[in-house]
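J.: Next up is a structure, given as structure tokens.
Derivation of every value follows stated rules applied to the coordinates shown; laboratory data play no part. Remember, it's a predicted structure, so these values are computed and weren't measured experimentally. Every residue, glycine among them, receives a Cβ derived from its backbone with ideal geometry; neighbour counts consider all protein chains shown.
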Amino acid sequence: MGHEHQTLIALAAALAVGGAAAQPTTTLPEGEKSLVAVTRDGQKTRIGTVSFRVVDGGQAAFRVQMDRAVMSDHFLSMREFKCLPAAQEISCFVPYPYKNPGTVSATDFGWLEHNLLFFFKQPADFGAKLWNGIIFKFTQTPTGLVGKPQAVDLNLIGVPPDSLNEPPYGPFQRDDFAPGARWVQELRIE
């Protein structure tokens, strides 16, 4: 009975430690952070920065800045886009076109996700394929924010949303990609 009791205590301690490590971080991001694209081949490319400034009400204001030296110019469908080129797939940044609060909280990254919209296209394709939109669903980790790609139709934001204070891409306008489907597997803010 003593050995079983010690085993149960050790198991309970391991679960407590594991549970504590799995608790989400609930602090607001602050300062300038690197915006890093992680591609299918495991490469990490710094494509810009996101600057955070804590404001009242448990929120932080943010500003996204793409690195023009990394994101190349592509003229597609009569518009210029900043794109991360690759032989497998080109990922193009789409600035959110409407006024928005530009804030995050420790548990809500909706406006940040909307300010980091992309679409993907094959290198041989012509034009912007806005139905091939990507939004990155962010979660907070001990090292920063990690965004996983989800499919959206960017044609939805071709007209202003009914409310400028609510992000238009809610859970019903997003679909998960199959694992490995996109060249950019993650966006990290660290």
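J.: Could you say which residue among Asn165, Asn132, Asn155 is polar (S, T, N, Q) and in contact (Cβ under 8 Å) with a residue 60 or more places away in the chain?
T.: One residue alone meets the criteria, Asn165.
J.: Which of the residues belonging to segment 104-129 are touching a residue at least 12 places away in the same chain (Cβ under 8 Å) and among the basic types (Lys, Arg)?
T.: Lys121
J.: Would you confirm whether or not segment 74-84 contains a residue that is on the phi < 0 side of the Ramachandran plot and touching a Gly at 6+ places or on another chain (Cβ under 6 Å)?
T.: For segment 74-84, residues on the phi < 0 side of the Ramachandran plot and touching a Gly at 6+ places or on another chain (Cβ under 6 Å): present.
J.: When you check Thr139 against the structure, is it in a strand (DSSP E or B) and surrounded by fewer than 14 Cβ atoms within 10 Å (Cβ to Cβ), yes or no?
T.: Values: in a strand (DSSP E or B): yes; surrounded by fewer than 14 Cβ atoms within 10 Å (Cβ to Cβ): yes.
Criteria met by Thr139.
J.: Sticking with this structure for a sec: Pick from segment 95-118 the residues that are outside any strand (DSSP E or B) and aromatic (Phe, Trp, Tyr): which of them is surrounded by the fewest Cβ atoms within 10 Å (Cβ to Cβ)? Outline the logic, then answer.
T.: Initial filter on segment 95-118 (outside any strand (DSSP E or B)): 95-102, 106-116.
Then keep just the ones that are aromatic (Phe, Trp, Tyr); that gives 96, 98, 109, 111.
Numbers: Tyr96: 18, Tyr98: 11, Phe109: 24, Trp111: 21.
Checked segment 95-118; the qualifying residue surrounded by the fewest Cβ atoms within 10 Å (Cβ to Cβ) is Tyr98.
J.: Considering segment 142-190 alone, what residues qualify as being among the β-branched types (Val, Ile, Thr) and part of a helix (DSSP H, G or I)?
T.: Ile157
J.: Quick one: which residue in Gly180, Gly144 is surrounded by 14 or more Cβ atoms within 10 Å (Cβ to Cβ), on the phi > 0 side of the Ramachandran plot and not aliphatic (A, V, I, L, M)?
T.: Gly144
J.: While we're here: Please go through segment 147-173 and give me each residue that is more than 18 Å from Cys92 (Cα to Cα) and surrounded by fewer than 18 Cβ atoms within 10 Å (Cβ to Cβ), ordered by number.
T.: Passing the criteria: Val159, Pro160, Pro161, Asp162, Ser163, Leu164, Asn165, Glu166, Gly170, Pro171, Phe172, Gln173.
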